[in-house]
Amino acid sequence: MLPYASISAVEAALGRNLTFAETLWFNYSATKSDYFLYCHNILFLFLIFSLVPMPLVFLELKRFSFFDSYKIQPKVRLSLEEMFRCYKDVMRMFFFIVGPLQLVSYPTIQMIGIRTGLPLPSGWEILAQLLVYFLVEDYTNYWIHRFLHNGWGYEKIHRVHHEYPAPIGFAAPYAHWAEILILGIPSFLGPAMVPGHIVTFWLWIALRQIEAIDTHSGYDFPWSITKYIPFYGGAEYHDYHHYVGKQSHSNFASVFTYCDYIYGTDKGYRYQKKILQKEDLTYGEQQNGGSYKTQQIKSD
């Protein structure tokens, strides 16, 4: 809740007029508690999990030839019932794990110093903080994900997420409850290291989940704006990880590719890409997640 009774009081405290965005923020947040503002994350996550994958569901059902040419594993067809079952499982975890976790984690937000007041951060400040958040989350997620591919971690926890060898948008948050809790840690490390405004935190949570849906989309569109992000992995990069499944020792990073390159865990992927570039092949033959047209992927 803002400690000002009016816009004129805020402007007097700041020594300047409020920007249009700051005026909107004051009118919306002035009488709302910080806890209520933080809990907006629950609504944002629900909307993202429910709505962002919907265009992908439409493409999966209609199978337009134009868009099918960009599907990474084109022989895999999921029915509406199968996709809805995945969504129901995600929502069950959302209401029993993700939502309650958001409700009880507010003291952590207070402790690390996420602010809700004025002034609002500049665009450059938001971009810089988001970059830090993505880099920190990507690095720590890499090592946790790699750990989850050992025998115990995979069999007890991570195998749930790999139930979709040809991932779909709804499968991005589809995971064991323990994995949801564990991978929540990297998401909070960046804001803990570089605390910012609650608006930046909202953007961070939303963009990270949208990115996860993108990398699980099953489509590699050449016009995607993510193609212009340096070292961004994308759908094709992560799809390979799902395709190989339990035996995968490649492509553990969640967003970027630099960790896999530095630690040598992208060798299997790069080897297969090299073969495909030479033979001009695409994904395709097997129903259980696709295969290269003339090459059966084994363990990398």
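The values are calculated or read from the model by the stated rules, or taken from the named source; none is laboratory data. It should be emphasised that the depicted structure is a prediction, and the values quoted were computed from it without experimental measurement. With ideal geometry, Cβ positions are generated from the backbone for all residues, glycine too; neighbour counts draw on all protein chains shown. Just the protein is used for accessible areas: all its heavy atoms, side chains included, with ligands, DNA and RNA removed. Shrake-Rupley method; radii C 1.70, N 1.55, O 1.52, S 1.80 Å.
A few notes on this one:
- Residue within the stretch 204-221 that is more than 27 Å from M54 (Cβ to Cβ) and in the same structural domain as R270 (by the TED database) present: no
- Any chance G153 is surrounded by 15 or more Cβ atoms within 10 Å (Cβ to Cβ), in a helix (DSSP H, G or I), at pLDDT below 95 and not aromatic (F, W, Y): yes
- Picking from residues in the stretch 2-33 that are free of Cβ contacts under 8 Å to residues at least 40 places away in the same chain, assigned to a loop (DSSP other than H, G, I, E, B) and of a type in the set (A, V, I, L, M), the one that is surrounded by the most Cβ atoms within 10 Å (Cβ to Cβ) is A30.
- Selection of the stretch 59-75 for residues being in a helix (DSSP H, G or I) and more than 21 Å from Y237 (Cα to Cα) yields L61, K62, S65, F66.
- One residue stands out in the stretch 34-59 among those that are surrounded by fewer than 17 Cβ atoms within 10 Å (Cβ to Cβ) and aliphatic (A, V, I, L, M): the one that is nearest to L80 (Cα to Cα), namely M54.
- None of I225, I210 is in contact (Cβ under 8 Å) with a residue 24 or more places away in the chain and open to solvent by 30 Å² or more (accessible area, probe 1.4 Å) except I210.
- L43 vs. criteria under 24 Å from W204 (Cβ atoms) and at pLDDT 95 or above: yes
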